[in-house]
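One structure is given here, and the rest of the page talks about it.
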Amino acid sequence: MKIFSESHKTVFVVDHCPYMAESCRQHVEFDMLVKNRTQGIIPLAPISKSLWTCSVESSMEYCRIMYDIFPFRKLVNFIVSDSGAHVLNSWTQEDQNLQELMAALAAVGPPNPRADPECCSILHGLVAAVETLCKITEYQHEARTLLMENAERVGNRGRIICITNAKSDSHVRMLEDCVQETIHEHNKLAANSDHLMQIQKCELVLIHTYPVGEDSLVSDRPKKELSPVLTSEVHSVRAGRHLATKLNILVQQHFDLASTTITNIPMKEEQHANTSANYDVELLHHKDAHVDFLKSGDTHLGGSSREGSFKETITLKWCTPRTNNIELHYCTGAYRISPVDVNSRPSSCLTNFLLNGRSVLLEQPRKSGSKVISHMLSSHGGEIFLHVLSSSRSILEDPPSISEGCGGRVTDYRITVVPLASVIVKESLTEEDVLNCQKTIYNLVDMERKNDPLPISTVGTRGKGPKRDEQYRIMWNELETLVRAHINNSEKHQRVLECLMACRSKPPEEEERKKRGRKREDKEDKSEKTVKDYEQEKSWQDSERLKGILERGKEELAEAEIIKDSPDSPEPPNKKPLVEMDDTPPVEKSKGPVSLLSFWSNRINTANSRKHQEFAGRLNSVNNRAELYQHLKEENGMETTENGKASRQ
Amino acid sequence: MPTVVVMDVSLSMTRPVSLEGSEEYQRKHLAAHGLTMLFEHMATNYKLEFTALVVFSSLWELMVPFTRDYNTLQEALSNMDDYDKTCLESALVGVCNIVQQEWGGAIPCQVVLVTDGCLGIGRGSLRHSLATHSQRSENNRFPLPFPFPSKLYIMCMANLEELQSTDSLDCLERLIDLNNGEGQIFTIDGPLCLKNVQSMFGKLIDLAYTPFHAVLKCGHLTADVQVFPRPEPFVVDEEIDPVPKVINTDLEIVGFIDIADISSPPVLSRHLVLPIALNKDGAWGQPGGAAVKCTHSASAARGSPVGIPGADMAPLGKPCCEGDEVGTGITDDNEDENSANQIAGKIPNFCVLLHGSLKVEGMVAIVQLGPEWHGMLYSQADSKKKSNLMMSLFEPGPEPLPWLGKMAQLGPISDAKENPYGEDDNKSPFPLQPKNKRSYAQNVTVWIKPSGLQTDVQKILRNARKLPEKTQTFYKELNRLRKAALAFGFLDLLKGVADMLERECTLLPDTAHPDAAFQLTHAAQQLKLASTGTSEYAGYDHNITPLQTDFSGSSTERM
């Protein structure tokens, strides 16, 4: 890729001489009579655009497509030529948009047919174009500054698109010679200047346009090198839509664009809201979005040649989006698009749909019937991109799972940590807090359902400790106690309790199942059980009254799965409770498993203790007893013993 | 990067190599020896590489399709027969087909061509292919450059002197040139013997098959990782910045962002990030392999645009994990028999934590790959419920994703005055809106097709017939048409529409609101004035406003 290729700078030079005011002789009916009102009214006579109007609207369309697809680093300078050159904008990025150009063109207005043709010439514009190509752009300046001593690497190339009405082939040659000479002169000037750059390469695209029905006095000529710096090509084009088509082809060539037609887009009919018909929309974008087709020479894509176009469009089928699910696709490229027919109803339906934040997957039509999703249309902040999705076999297929590698057997990373305990003790809860608490509860329900081990410590317990469902029973009890202790704080606290109670009260079938499960547990291998249980659960789930809750907690379901990355992984030994232990009294540790309640209480105590300064007495106390009037002893000259251990002597 | 080994099995490969000692070696034995070494290296250090084996003479055959089973490849090496003459072009065409069928045109492949430098004779010989290169049509295009990103490594079972004695070396160099310079020629240094073949293949391994090791860092948490496949150097702009960029071996996580916000970004390549156990102690940057418990709060550390130019995205790793030494992860009574793998599995690893956290939170981690170069780490599940930590590389540059803005301006939420995600996490600062709207988002006027113009005129007419209820929309559409007509110098249209409005005025039914006639006449008059082109009335920014009538106060449509 080269930033500073010819397409970095484009100069439009549009002829504004009197003859451009001539009609293009292609009529436009603008007074289309609406039904029911046609009786006795003669429609107004059709009007026709001038050569000038055709030139301006075609070049604006060129710019529209270019700005849509390359909003940055591709710059246009617009020059209008009559008795002098009128430069309508500059290379600065602020000047690079359609509105600016339209406003400037309106200020120029159409050519004056009564002006003296002798004073007017396209040459003024061409000279100004060369001059403007020597001017440095912000991007060139920035790159030169950045490269310092390598500043000469920054190229200065450009393209002049000149739309005029030439008199003959020799007239065209005269124009080319003029550009050639001007470049020569200006390069000399630029060599001695800090603000100007010499032109390394200039592509001159001369478009001779003439009214429909007339014979062209100028012949087409493919690109030809006139000098090492200048190449030139001549297009002789009838005005009207022919000129627009030509510029559309040129913008595709100049900016390496390609065309994709989205087919089978279902749209509601305006008249019959209940029916929908399928439409096609053609989009332009950088040709790299077709890299897979171009290289593999896929011929069965059903590409159809557009009328008058120089290359084919690739057809991709719309796949009706299922949901708005957020997924990270493997995307090898994203390219801005521009609709070919921006204002048509199908185009604007499609773009509005996308601008509202929906994404659409696109499928390659295949003869075999297999479905290959190769692209995605998606908007990001008001810009629509065509994403290229990888559709070939992955070289990373069947990778070793993360659970098989280093650290994969460790299960207590505490990725889903219970936020309830820290939240419920607050005096007031936000909606988010309540949601978090509910989430946690659902999570626990889910863990229980899957018979996941609770992350509690077994240190100090003899034997196997309580059975798993017994653990859960204890946990639920403690959780209820904790939440109940805070329900008087607010109505939101109450809601957390309600949720907890709803989840706790289990239907009798489940209790029944639990018992059966326990029996089986004794017989079956641990890992086998987990799988079977899970499968059983699936059918059971449907009738289960927790269903609604579980559905709401779908995300949590996924979360719970993550901790179970390796379902058969051993419970890590030596598990310890969630909180840092430094604040807990050491006695607790030897007492066997720390209960949920005790470590939550500890946490609350720790939190509370931060809110006030501890009494000096309590700090120095032994068994919550502090000796008073210690200083008296010192004054009495009595020996003080070690703090806290003082005893009456 | 899949590999295709293309092995020459023409008769010239059976030429004996003079060796001291009793056994007689042929060149193909040397080649097989070198390839064995390559396969062994891959089997141990580059396991995930897919390799295919093609043999060729005047015909070619796919001996082993792409596989990670190096035993199969090894076996195939010992089952090769000898055939006729060398015909390289058809073999290269074969490679094109095989690769494209399997991987398409976008995945880079390495082609290892093993030959003795005898390039065949007559039609189909490389000399013949090169001589006719300029006369090719689209249908019989020379297979180089390969129609996929590629490296062509030519392993010559010959030394430099031998190749230089004919034009072989020149021809092979031409091949590399034709592949846009992507590739390299290896020759045997010194006499043809097993040792020198080994050293030649050793060079290939060093160049193309050494695993890429890096250290993944997030705050004080680290993990040694292998990144597979190896990230390739990337050239941003061959003209102004021709030096290929290489990614850091220190991969520093600089922030976290929601999957919805990063929104399927385009990437240069993607890679598995596999934790490796280099040494047990270093796994967590803490001695003793201490376990780390973490309170994951990636959501508290999301990137947000804080609009401070030059403000670096602060290392956000710290809020993610709070270190807390608890236990060693291995109990005392663990038997020593545990294999190294099992032990490694039980030592907590940051990669696993990161992977799980990203998966649970639905986020990706932004990682710094080099100066102004970023990538993302995320959890990727393949179809078989296996999950992995992956890294994708963005294009180098200050703003790889337009919808995130400049990477340097992202920062922690806490830096923002207000939480850009809202207190209830119900909004997002992303995507950023572009300064200028694109044409499809701004209701541009295009009249290239007559239908475009007709639709715009119809809109005005429709609203004209519903005056005064539609006064505002009527003037809005009228002004839109007026602006475009002025810009395009299409003054005849203004006159035409003015005539049309005047006609509408005469067609108004008796029941029409009196204001309708006033507005139509006024609008027609204004258009006519604009169509004169005199600056007073034809100003682009001038808007035709509704005529203030005695009725308009109550009848004007409220917007």
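What number of residues within the range B:385-410 satisfy the criterion of being among the basic types (Lys, Arg) and facing another protein chain (nearest Cβ under 8 Å)?
Going through the range B:385-410 one residue at a time, the tally reaches 1.
Quick test for you: out of A:Tyr330, A:Tyr335, pick the one residue that is modelled with pLDDT of 95 or more, within 14 Å of another protein chain (Cβ to nearest Cβ), open to solvent by 40 Å² or more (accessible area, probe 1.4 Å) and under 30 Å from B:Lys359 (Cβ atoms).
Working: A:Tyr330 fails: modelled with pLDDT of 95 or more.
Result of the check over A:Tyr330, A:Tyr335: A:Tyr335.
Select from the range A:56-87 the residues that are more than 28 Å from the chain's Cα centre (by Cα) and within 11 Å of chain B (Cβ to nearest Cβ) and write down the one among them that is farthest from A:Ile160 (Cα to Cα).
Here the answer is A:Glu57.
Which one is nearest to B:Gly533 (Cα to Cα) among residues in the range B:459-484 that are open to solvent by 40 Å² or more (accessible area, probe 1.4 Å) and at the interface with chain A (Cβ under 10 Å from one of its Cβ atoms)?
Within the range B:459-484, the match that is nearest to B:Gly533 (Cα to Cα) is B:Lys483.
Please enumerate the residues belonging to the range A:483-497 that are in contact (Cβ under 8 Å) with a residue 12 or more places away in the chain and not in a helix (DSSP H, G or I).
A:His486, A:Asn489, A:Ser490
Pairs please, first residue from the range B:217-244 and within 30 Å of A:Asn150 (Cβ to Cβ), second anywhere and assigned to a strand (DSSP E or B) and open to solvent by 40 Å² or more (accessible area, probe 1.4 Å), Cβ atoms under 7 Å, 6+ apart in sequence or on different chains.
Partner pairs satisfying both residue conditions: B:Pro233/B:Lys245; B:Phe234/B:Lys245; B:Val236/B:Lys245; B:Pro244/B:Phe234.
Could you count how many residues in the range A:221-240 are farther than 21 Å from A:Glu22 by Cβ and either of a type in the set (S, T, N, Q) or assigned to a strand (DSSP E or B) (or both)?
Of the range A:221-240, the ones farther than 21 Å from A:Glu22 by Cβ are A:221-233.
The next check asks that each one be either of a type in the set (S, T, N, Q) or assigned to a strand (DSSP E or B) (or both); those that pass are A:221-225, A:227, A:230-233.
Residues that pass the stated criteria total 10.
Of all residues in the range B:200-233, which are over 18 Å from B:Trp373 (Cβ atoms), of a type in the set (Phe, Trp, Tyr) and in contact with a strand residue (DSSP E or B) (Cβ under 8 Å, 6 or more places away or on another chain)?
Of everything in the range B:200-233, those that are over 18 Å from B:Trp373 (Cβ atoms), of a type in the set (Phe, Trp, Tyr) and in contact with a strand residue (DSSP E or B) (Cβ under 8 Å, 6 or more places away or on another chain) turn out to be B:Phe201, B:Phe228.
Just need a number here: residues in the range A:138-155 that are out of contact with any helix residue (DSSP H, G or I) (no Cβ under 7 Å at 6 or more places or on another chain) and either among the β-branched types (Val, Ile, Thr) or within 13 Å of A:Gln200 (Cβ to Cβ) (or both).
Going through the range A:138-155 one residue at a time, the tally reaches 4.
Kindly indicate whether B:Asp492 is touching a residue at least 12 places away in the same chain (Cβ under 8 Å), facing chain A (nearest Cβ under 8 Å) and out of contact with any strand residue (DSSP E or B) (no Cβ under 7 Å at 6 or more places or on another chain).
Considered against the rule, which asks whether it is touching a residue at least 12 places away in the same chain (Cβ under 8 Å), facing chain A (nearest Cβ under 8 Å) and out of contact with any strand residue (DSSP E or B) (no Cβ under 7 Å at 6 or more places or on another chain), B:Asp492 comes out as no.
The conditions are (1) away from chain B (no Cβ under 14 Å); (2) closer than 30 Å to A:Leu75 by Cβ; (3) modelled with pLDDT of 65 or more, and A:Ser276 fails exactly one of them. Which is it?
Answer for A:Ser276: the failing condition is (2).
Across the range A:38-75, what is the number of residues that are aliphatic (A, V, I, L, M) and without any contact (Cβ under 8 Å) to a residue 24 or more places away in the chain?
5
Which ones in the range B:182-195 are surrounded by fewer than 15 Cβ atoms within 10 Å (Cβ to Cβ), assigned to a loop (DSSP other than H, G, I, E, B) and not small (Gly, Ala, Ser)?
Selection gives B:Asp189, B:Pro191.
Taking A:Ile42, is it touching a helix residue (DSSP H, G or I) at 6+ places or on another chain (Cβ under 8 Å), within 11 Å of chain B (Cβ to nearest Cβ) and not aromatic (Phe, Trp, Tyr)?
No: the conditions fail for A:Ile42.
So, A:Glu118, is that one out of contact with any strand residue (DSSP E or B) (no Cβ under 7 Å at 6 or more places or on another chain), within 22 Å of A:Glu203 (Cβ to Cβ) and either at pLDDT below 95 or in a helix (DSSP H, G or I) (or both) or not?
no
If only one of B:Asp415, B:Asp456, B:Asp424, B:Asp382 is at pLDDT below 90 and more than 7 Å from chain A (Cβ to nearest Cβ), which one is it?
Going through B:Asp415, B:Asp456, B:Asp424, B:Asp382 in turn, just one is at pLDDT below 90 and more than 7 Å from chain A (Cβ to nearest Cβ): B:Asp415.
Restricting to the range A:379-417, count the residues that are in a strand (DSSP E or B), surrounded by 21 or more Cβ atoms within 10 Å (Cβ to Cβ) and of a type outside the set (Phe, Trp, Tyr).
7
From the list B:Lys459, B:Lys476, B:Lys435, which residue is out of contact with any Cys (no Cβ under 9 Å at 6 or more places or on another chain), more than 30 Å from B:Val243 (Cα to Cα) and assigned to a loop (DSSP other than H, G, I, E, B)?
B:Lys435
Evaluate the range A:8-25: report whether one residue or more is closer than 22 Å to B:Thr532 by Cα, free of Cβ contacts under 8 Å to residues at least 40 places away in the same chain and part of a loop (DSSP other than H, G, I, E, B).
no
Looking at (1) open to solvent by less than 10 Å² (accessible area, probe 1.4 Å); (2) farther than 18 Å from A:Pro46 by Cα; (3) touching a Lys or Arg at 6+ places or on another chain (Cβ under 6 Å), which is the one condition that is false for B:Ala487?
Status for B:Ala487: all satisfied but (3).
Conditions tested, residue by residue: (1) part of a loop (DSSP other than H, G, I, E, B); (2) within 10 Å of chain A (Cβ to nearest Cβ); (3) under 15 Å from B:Leu389 (Cβ atoms).
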position	(1), (2), (3)
B:Asn180	yes, no, no
B:Val197	no, no, no
B:Ala214	no, no, yes
B:Leu251	no, no, yes
B:Arg270	no, yes, yes
B:Val273	no, yes, yes
B:Ala277	yes, yes, no
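Quickly run through the range B:220-262 and pick out the residues that are small (Gly, Ala, Ser) and open to solvent by 30 Å² or more (accessible area, probe 1.4 Å).
B:Ala260
Could you grab the pairs with beta carbons closer than 8 Å, sequence gap of 6+ or different chains, first residue in the range A:376-396 and more than 21 Å from A:Ile326 (Cβ to Cβ) and at the interface with chain B (Cβ under 7 Å from one of its Cβ atoms), second one among the basic types (Lys, Arg) and open to solvent by 10 Å² or more (accessible area, probe 1.4 Å)?
A:Leu396/B:Arg270
Between residues in the range A:96-125 that are more than 9 Å from chain B (Cβ to nearest Cβ) and more than 20 Å from A:Ser58 (Cβ to Cβ) and residues that are among the hydrophobic types (A, V, I, L, M, F, W, C) and not in a helix (DSSP H, G or I), which pairs lie under 8 Å by C-beta distance while being six or more apart or on different chains?
From residues that are more than 9 Å from chain B (Cβ to nearest Cβ) and more than 20 Å from A:Ser58 (Cβ to Cβ), the pairs are A:Ala115/A:Cys17; A:Pro117/A:Cys17; A:Cys120/A:Cys17; A:Ser121/A:Cys17; A:His124/A:Ala85.
If A:Ser48 satisfies every condition in (1) out of contact with any His (no Cβ under 6 Å at 6 or more places or on another chain); (2) surrounded by 18 or more Cβ atoms within 10 Å (Cβ to Cβ); (3) over 30 Å from A:Gln200 (Cα atoms); (4) among the small types (Gly, Ala, Ser) but one, which is the exception?
With (1) out of contact with any His (no Cβ under 6 Å at 6 or more places or on another chain); (2) surrounded by 18 or more Cβ atoms within 10 Å (Cβ to Cβ); (3) over 30 Å from A:Gln200 (Cα atoms); (4) among the small types (Gly, Ala, Ser) applied to A:Ser48, the lone miss is (1).
Considering only the range A:64-103, state which residues are open to solvent by less than 20 Å² (accessible area, probe 1.4 Å), under 27 Å from A:His195 (Cβ atoms) and not in a loop (DSSP other than H, G, I, E, B).
Within the range A:64-103, A:Met66, A:Tyr67, A:Leu75, A:Val76, A:Asn77, A:Phe78, A:Ile79, A:Val80, A:Ser81, A:Leu101 qualify.
The values are calculated or read from the model by the stated rules, or taken from the named source; none is laboratory data. Remember, it's a predicted structure, so these values are computed and weren't measured experimentally. Because the Cβ atoms are built from the backbone with ideal geometry, glycine has one as well, and the counts that use them run over all protein chains shown. Note: areas computed on protein heavy atoms with side chains; ligands, DNA, RNA excluded. Shrake-Rupley method; radii C 1.70, N 1.55, O 1.52, S 1.80 Å.
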